[in-house]
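Undergrad: Below you will find the structure I want to go over with you.
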Amino acid sequence: MPASTMSFPKIDAFSFVGGEARYVDDLRPPALLHMAVVRSTRAHARIMHLDTAAAMGVPGVVRVLAGPEVATHLQPLPYSFGDPQLLGGRRRRFDALPVDEVRYVGEPIAVVAAENVRAALAGAAAVTAEYADLPAFLDARVFLDGQASGPPEELRSHVVAENRFSSGDAAAAFAAAEHQLRLSFSMQRSSAAPIEPRGYLASWDESTGRLTVHASHQQPFQLREQLAQVMGLAEEAVRIVVPRVGGAFGLKMTGPVEEPLVCLMSRLCQRPVKWIESRAECFLGGGREQYHDVRVAFDGSGRVQAIRDDLVVPIGAESPAPGWRQAFVSAATFPTAYDVPNVEIRSLVVATNEPPWHSIRGFGKEGPVLVMERVMDLVARQLGRDPADVRRTNLVPREAIPHRMPSGYLIDSGDFHAVLDEALALADYERLRVQVRTAGGPDLLEGVGMAFEVVPEGGGHAAGRLTAGVAPTAAAPESATVCIDASGHVQVLSGVTNPGGGNDTALALLAAAELGASRSMVTVVQGDTDRCPPGTGNASSRATSVGGAAVVLAAREVAGELRRSAAAMAGVPAEQVVLRDGAAHLPAGEEVSLAELCRGIVAEGRGSSLSATRSYQPKNLHPGGETDVYRYSYPYFSSGGYVARVAVDPRTGTVVLRGLTVVHDCGRVIDEVLVEGQLQGAMAMGVGLALLESWQADPYGALTTRSFKEYLVARAPELPSFTIGHHAVPTPNTLLGSKGAGESGVGGALAAVVNAVDDALSRAGAPPATTFPLDPPRVLALLAGGGEAP
Amino acid sequence: MSRCRVTFPGSPADAAAALLRIAEQGGRPLVIGGGTLAVPWLSQGLVAPTDVVDLGRLATDRIEESAETVRIGAMVSYQQLIESRVVAARLPLLQRMARGITGGIQIRNQATLGGAACAARPYSDAPGVLVALQVTMAVEGSTGRRNVPAQDFFVGPERPALSATEVLVDMAVPGSVLDRPSGYYKLKLGESSWPVVTAACLLPRGDDQQGCNLVLGGVGDVPLVVPVPQADPGELDRARVSRAVAERVEALPPDRLWGDVRADRDYRRRVAGEVAYRAVRRAVESREGAR
Ligand SMILES: Cc1cc2nc3c(=O)[nH]c(=O)nc-3n(C[C@H](O)[C@H](O)[C@H](O)COP(=O)(O)OP(=O)(O)OC[C@H]3O[C@@H](n4cnc5c(N)ncnc54)[C@H](O)[C@@H]3O)c2cc1C
């Protein structure tokens, strides 16, 4: 069994740092056309007239497509990840381009193909539109008032879904409560912001009737399925190839309208067509925004008896892309790692006239972590107790796991108390707690904060009891093919893809371990729907845990065959053959190299290589004593304890992050370097969300954070080196016992940093921080004693 | 975006002549210095000039020291400012400002001080520093050259005192500000952020009778000169500086206060005194360090 990868470094690191990696924009086939997108300048309006004639007159422009023509070629766009009703959501029809109404500033209204990028942009600029404005709905906070009695009639048309989850009897618990708190929290809209924005190159081949799409994408098989459907093609007629990807973070899932449009353009022009998103276009997307009105009942020991959260989640304009589904996950993840007997979550998911949500790392799970961790801190503060103790009092104990959450999500594994205590010890929390009170002074406020994060992972965001009329859900499988050829070379073909984080290295490592092969003997092929067995790409922190399990199963099958061959040659039982160091070792001490063994097998005429394809599905275990039946949902939960230390400059509101520590449980660690790489990135994102990142628009709904000079992310110089520890509690639900790495870290770091800043501010008499990010203007407003900056 | 002609004038007079010609033909010129702002505007289709006037061959990229002044060509890059021995020795304020420019070595090599001045953004470092240094901006037009004090050069946000037929040639730093102890403080929201509020401070040299120059950037829509009480710089404590800043800011009409996506006017007004004080303190420290 592989333990660590000290001898197994990341396979392709040099191609990334050396500039050799080829991205979609590096592909330039002959006769290539470039596409540009014309976008709405209105948040909500009727399209009175769209004039494309001038654009056709721009030199180099080959074709302009607008809504009415597109509708004659393309089927309506399907919802990604299944029917909205799985999440209690309403359904609507989506066309690739609008015909009569625009719903946000930046919505595509036409596309232009031209001989070069300049001409395409010039053509797009020459398209003119006349609009009749309609009322724009840009601030969903109006839903916060009187949420208990349901949304007012005149606002009902904005409601996409209502999600309610409850357990126990919250009303009774509040009536009997010793202590109560009421808090509101506003989490800002933020964006995925990968280094490489989206990009597609579509090549239609009229002679074969096949469409090949090179895409910077996370989910090639989903893209193939949906493009085939929208284009009216057989799935076999579509090939998706994913070149190197410069980060995805959820942004590159299936659904944006440029996907079918670039393909249609290629088919109509009979030439390859490329579309590369600009940075400003990339920043249109967003997610995570949510408003919470939280009530908490607790006793003098800090034990939380009840929590009620009325939340409003504005998902932007409705879209078939999966982003809006994160709203359900946010509500369903309450009350995170805590064992709260009485829970009432009422979530309104509302459409606005802002750009649609895209999926973002964390997939909705970071919002509830932020809220619950703020709640734990504020309960502790009200009682004058150590926030660590209040958490210990409320965390789900190890012996109560598996633990069913109000939504129906099942916490499968974990040891939260141990993880928290190890994190506190690793960060030297007791000492920090004293130190922040004595250090500093009028020029510097020091603070320490903690957070506990759980992250449901592995795919399966719908949840709930499986009662009459409720559609069941099932685990999505991953598959892999492992083959070894006559020269002993091992090829792994996987249905999971690599957004740049390096899961290919983990897959190679797992195959090599089963086959006793060395690193140089293995190559990994991903992201090509013609070559790879199907899978879900990269999503829900499952590439290694689930995709890796399929690799292990396939590799085991090949290994078995190799052992049997070696055994037959030597006349010994197969169980006595050990595959190690690129050879089959026989009991008598002899060895046969894998290459030799394979040559023998090939010579026997058993094909040109030895190959096996296997698929793997994680499972849901059913806790004993449970009588209700539940839908299949996230098979495993990773968890983590986080401690942050900050210094706040009270005269400017600037925050410096001094330290960030995590102890993380992702089950069995397959590759420590890769897991920690994921954590580093996720934690950096969490820090950015706590302190800087904020999607902003003007009063008319037009994006104002159009570049990295306005949309600020945390950069290396402002981040301390993180301290990372592991505490592995394997999940019973995957073959290898491994859980996820990828999403976890965002919510934990976010909440810990916010709590640390709040700790510093509270000692200076500021009211609790409830609106984020805690950027200098907001911090200064809090220190000024009250009202937060808007 | 349409096609446009590109010219490479060989001298400031050529540049002015080219601009005049374009104006007479009713064209829309775009002057490009280092191009770090102007080229992205072009490629993003935010501007649609008929003519591009590229100053790359103007030979105004020198730093010249004479007895009376240090003359900095409009096309001098931040990196030149960082590496120049004259700037290091006599204008540490300018060097410190250049060192804090973000964007890495590519930007520091390509972006010019003149370009930053002509962009005249309230959310940038250079304007306040140029005003603190009492620089004289030499502007070439079709009718010849004129000199504009830096303080008058910044007319409004993104509005330099340049007509459509003029280019900035160089910036002359007077002898009276050379070798003076100085301090610079920049407040920004994150590592990659544009400046939010800046302050540049020059203290008197030794015991002569000069005053203290204190200039704020990012508070008003142009650099704000803050009159500082004639005190021993050592007595310029937080309260005194903050009071002086508050008085200056209060005197400003509200519509001349600056706010943008990073921070509103209110925040800038609130931190202005502290930012100014930190610049003063750094200047005092640098003077004491030199003693
Ligand atoms: C990544 C990045 C990071 C940056 N970081 C900072 C920072 O930390 N702080 C900061 O203050 N700034 C920063 N800047 C802005 C930088 O200072 C300016 O981009 C640069 O100084 C402009 O100079 P340029 O020569 O490139 O100007 P250009 O882009 O060539 O021109 C800018 C404007 O000035 C005009 N112009 C230029 N030269 C002349 C001239 N001689 N006569 C007349 N008009 C002229 C042009 O027509 C145009 O309107 C950054 C920019 C980038 C791209």
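The values are calculated or read from the model by the stated rules, or taken from the named source; none is laboratory data. In this text the structure is predicted, and so the values were computed from the model without any measurement. Positions of Cβ are generated from backbone atoms using ideal geometry, with glycine treated the same way; all protein chains shown enter the neighbour counts.
Undergrad: Residues of the range B:88-109 being of a type in the set (A, V, I, L, M, F, W, C) and either part of a helix (DSSP H, G or I) or surrounded by fewer than 20 Cβ atoms within 10 Å (Cβ to Cβ) (or both), which ones?
TA: B:Ala88, B:Ala89, B:Leu93, B:Leu94, B:Met97, B:Ala98, B:Ile105, B:Ile107
Undergrad: Suppose we keep only residues that are within 20 Å of B:Ser77 (Cβ to Cβ) and more than 13 Å from the ligand (Cβ to nearest atom) within the range B:1-53. Which one would you say is farthest from the other protein chains (Cβ to nearest Cβ)?
TA: Applying the filter and picking the extreme gives B:Gly10.
Undergrad: If a residue has to be β-branched (Val, Ile, Thr) and modelled with pLDDT under 95 to count, how many in the range A:485-514 make the cut? Write out each step before concluding.
TA: Filtering the range A:485-514 for residues β-branched (Val, Ile, Thr) gives A:490, A:492, A:496-497, A:505.
When the remaining residues are screened for being modelled with pLDDT under 95, the result is A:505.
Total meeting the criteria: 1.
Undergrad: Against the condition within 13 Å of another protein chain (Cβ to nearest Cβ), in contact with a Gly (Cβ under 7 Å, 6 or more places away or on another chain) and touching a residue at least 60 places away in the same chain (Cβ under 8 Å), how does B:Arg282 come out, does it pass?
TA: In short, no.
Undergrad: Among residues belonging to the range B:230-257 that are under 15 Å from B:Ala199 (Cα atoms) and within 21 Å of the chain's Cα centre (by Cα), point out the one that is farthest from the other protein chains (Cβ to nearest Cβ).
TA: Step by step, filter the range B:230-257, then rank; the result is B:Arg248.
Undergrad: Still on this structure, please answer the following. Would you pick out the residues in the range A:72-122 that are part of a strand (DSSP E or B) and without any contact (Cβ under 8 Å) to a residue 60 or more places away in the chain? Please lay out each step first, then the result.
TA: Initially, the range A:72-122 is screened for residues part of a strand (DSSP E or B), giving A:89, A:101-102, A:108-114.
Hit for the range A:72-122 is A:Glu101, nothing else.
Undergrad: Looking only at the range B:258-279, count every residue that is part of a loop (DSSP other than H, G, I, E, B) and within 13 Å of chain A (Cβ to nearest Cβ) and tell me the total.
TA: Quick first cut of the range B:258-279, residues part of a loop (DSSP other than H, G, I, E, B) only: B:258-264.
Then keep just the ones that are within 13 Å of chain A (Cβ to nearest Cβ); that gives B:259-264.
Here the count works out to 6.
Undergrad: A follow-up question, please. Within the group B:Thr143, B:Thr136, B:Thr112, which residue is touching a residue at least 60 places away in the same chain (Cβ under 8 Å) and either surrounded by fewer than 17 Cβ atoms within 10 Å (Cβ to Cβ) or of a type outside the set (A, V, I, L, M, F, W, C) (or both)?
TA: On the way: B:Thr143 fails: touching a residue at least 60 places away in the same chain (Cβ under 8 Å); B:Thr136 fails: touching a residue at least 60 places away in the same chain (Cβ under 8 Å).
Matching residue, one of B:Thr143, B:Thr136, B:Thr112: B:Thr112.
Undergrad: Go through the range A:504-523 and count every residue that is farther than 24 Å from A:Thr731 by Cβ and in contact with a Ser or Thr (Cβ under 8 Å, 6 or more places away or on another chain). Working first, answer last.
TA: Our first condition is that a residue be farther than 24 Å from A:Thr731 by Cβ; within the range A:504-523, this holds for A:515-523.
Still in the list and also in contact with a Ser or Thr (Cβ under 8 Å, 6 or more places away or on another chain): A:519.
Result for the range A:504-523: 1.
Undergrad: If a residue must be small (Gly, Ala, Ser) and surrounded by 23 or more Cβ atoms within 10 Å (Cβ to Cβ), how many such residues does the range A:667-683 contain? Lay out the reasoning, then the answer.
TA: Residues of the range A:667-683 small (Gly, Ala, Ser): A:667, A:677, A:681-682.
From what's left, surrounded by 23 or more Cβ atoms within 10 Å (Cβ to Cβ): A:667, A:682.
Residues that pass the stated criteria total 2.
Undergrad: Condition test on A:Pro151, is it assigned to a loop (DSSP other than H, G, I, E, B), in the same structural domain as A:His292 (by TED's automatic domain parsing) and closer than 22 Å to A:Gln326 by Cα?
TA: yes
Undergrad: Just one of (1) closer than 27 Å to A:Leu780 by Cβ; (2) touching a helix residue (DSSP H, G or I) at 6+ places or on another chain (Cβ under 6 Å); (3) among the hydrophobic types (A, V, I, L, M, F, W, C) trips up B:Leu178, so point out which.
TA: In the conditions (1) closer than 27 Å to A:Leu780 by Cβ; (2) touching a helix residue (DSSP H, G or I) at 6+ places or on another chain (Cβ under 6 Å); (3) among the hydrophobic types (A, V, I, L, M, F, W, C), B:Leu178 misses (1) alone.
Undergrad: Given the conditions (1) farther than 29 Å from A:Ala317 by Cα; (2) among the β-branched types (Val, Ile, Thr); (3) in the same structural domain as A:Glu206 (by TED's automatic domain parsing), which single one is not true for A:Val296?
TA: (3)
Undergrad: Right, another one. Out of curiosity, is B:Pro160 closer than 24 Å to B:Thr60 by Cα and more than 14 Å from the ligand (Cβ to nearest atom)? Working first, answer last.
TA: Details: closer than 24 Å to B:Thr60 by Cα: yes; more than 14 Å from the ligand (Cβ to nearest atom): no.
Answer is no for this residue.
Undergrad: Next question. For the range B:139-153, enumerate the residues that are more than 10 Å from the ligand (Cβ to nearest atom) and part of a strand (DSSP E or B).
TA: Let us first name the residues in the range B:139-153 that are more than 10 Å from the ligand (Cβ to nearest atom), namely B:141-153.
B:Gly141, B:Gly144, B:Arg145, B:Arg146, B:Asn147, B:Val148, B:Pro149, listed by residue number.
Undergrad: Take B:Val70 and decide whether it is more than 14 Å from the ligand (Cβ to nearest atom) and part of a strand (DSSP E or B).
TA: Numbers: more than 14 Å from the ligand (Cβ to nearest atom): yes; part of a strand (DSSP E or B): yes.
For B:Val70, the condition - more than 14 Å from the ligand (Cβ to nearest atom) and part of a strand (DSSP E or B) - is met.
Undergrad: Does any residue of the range A:84-96 turn out to be buried (at least 21 other Cβ atoms within 10 Å of the Cβ) and either closer than 23 Å to A:Leu703 by Cα or over 28 Å from the mean Cα position of the chain (by Cα) (or both)? Talk me through it step by step, then tell me what you get.
TA: Filtering the range A:84-96 down to residues buried (at least 21 other Cβ atoms within 10 Å of the Cβ) leaves A:87, A:89, A:96.
Right, trim to either closer than 23 Å to A:Leu703 by Cα or over 28 Å from the mean Cα position of the chain (by Cα) (or both) and you get A:96.
Looking for residues that are buried (at least 21 other Cβ atoms within 10 Å of the Cβ) and either closer than 23 Å to A:Leu703 by Cα or over 28 Å from the mean Cα position of the chain (by Cα) (or both), one finds at least one in the range A:84-96, hence yes.
Undergrad: Now, a different point. Do the conditions hold for A:Val663, that is, is it more than 14 Å from every other protein chain (Cβ to nearest Cβ) and either at pLDDT 95 or above or under 20 Å from the mean Cα position of the chain (by Cα) (or both)?
TA: Yes, satisfied.
Undergrad: Is it the case that B:Gly104 is out of contact with any helix residue (DSSP H, G or I) (no Cβ under 9 Å at 6 or more places or on another chain), more than 7 Å from the ligand (Cβ to nearest atom), within 14 Å of another protein chain (Cβ to nearest Cβ) and of a type in the set (Gly, Ala, Ser)?
TA: Yes.
Undergrad: Which residues, counting only those in the range A:33-71, are surrounded by fewer than 16 Cβ atoms within 10 Å (Cβ to Cβ) and outside any helix (DSSP H, G or I)? Give the derivation first.
TA: Step one: filter the range A:33-71 for residues surrounded by fewer than 16 Cβ atoms within 10 Å (Cβ to Cβ), giving A:46, A:48-49, A:51, A:53-54, A:56-57, A:59, A:68, A:71.
A:Arg46, A:Met48, A:His49, A:Asp51, A:Gly57, A:Pro59, listed by residue number.
Undergrad: Ok, one more. Considering only residues that are among the small types (Gly, Ala, Ser) and either free of Cβ contacts under 8 Å to residues at least 60 places away in the same chain or part of a loop (DSSP other than H, G, I, E, B) (or both), which ones fall in the range B:154-184?
TA: Start the filter on the range B:154-184 by keeping residues that are among the small types (Gly, Ala, Ser), which leaves B:156, B:161, B:163-164, B:172, B:175-176, B:182-183.
Matches in the range B:154-184: B:Ala161, B:Ser163, B:Ala164, B:Ser176.
Yes/no matrix, rows are residues, columns are (1) surrounded by fewer than 19 Cβ atoms within 10 Å (Cβ to Cβ); (2) outside the structural domain of B:Leu130 (by TED's automatic domain parsing); (3) acidic (Asp, Glu):
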| residue | (1), (2), (3) |
| --- | --- |
| B:Pro204 | yes, yes, no |
| B:Leu252 | yes, yes, no |
| B:Asp266 | yes, yes, yes |
| B:Arg278 | no, yes, no |
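Undergrad: Scan the range B:31-51 residue by residue and report those that are touching a Cys at 6+ places or on another chain (Cβ under 9 Å) and surrounded by fewer than 20 Cβ atoms within 10 Å (Cβ to Cβ).
TA: Answer for the range B:31-51, where residues must be touching a Cys at 6+ places or on another chain (Cβ under 9 Å) and surrounded by fewer than 20 Cβ atoms within 10 Å (Cβ to Cβ): B:Leu42, B:Ala48, B:Thr50, B:Asp51.
Undergrad: Name the residue that is nearest to B:Ala164 (Cα to Cα), counting only residues in the range B:107-137 that are more than 14 Å from every other protein chain (Cβ to nearest Cβ), more than 12 Å from the chain's Cα centre (by Cα) and near the ligand (Cβ under 10 Å from one of its atoms).
TA: B:Gln110
Undergrad: Just the residues that are in a loop (DSSP other than H, G, I, E, B) and more than 20 Å from the chain's Cα centre (by Cα), please, taken from the range A:227-242.
TA: Correct list: A:Gly232, A:Leu233, A:Ala234.
Undergrad: Output yes when any residue across the range A:499-507 is over 22 Å from A:Gly740 (Cα atoms) and either surrounded by 24 or more Cβ atoms within 10 Å (Cβ to Cβ) or touching a residue at least 24 places away in the same chain (Cβ under 8 Å) (or both), and no when none is.
TA: No: zero hits.
Undergrad: Moving on to the next point. Is it the case that the range A:327-334 has a residue that's touching a residue at least 60 places away in the same chain (Cβ under 8 Å), within 30 Å of A:Gly384 (Cβ to Cβ) and in the same structural domain as A:Asn394 (by TED's automatic domain parsing)?
TA: Yes, some residue in the range A:327-334 is touching a residue at least 60 places away in the same chain (Cβ under 8 Å), within 30 Å of A:Gly384 (Cβ to Cβ) and in the same structural domain as A:Asn394 (by TED's automatic domain parsing).
Undergrad: Next question, about the same structure. Does A:Gly740 satisfy being part of a loop (DSSP other than H, G, I, E, B) and over 20 Å from the mean Cα position of the chain (by Cα)?
TA: Considered against the rule, which asks whether it is part of a loop (DSSP other than H, G, I, E, B) and over 20 Å from the mean Cα position of the chain (by Cα), A:Gly740 comes out as no.
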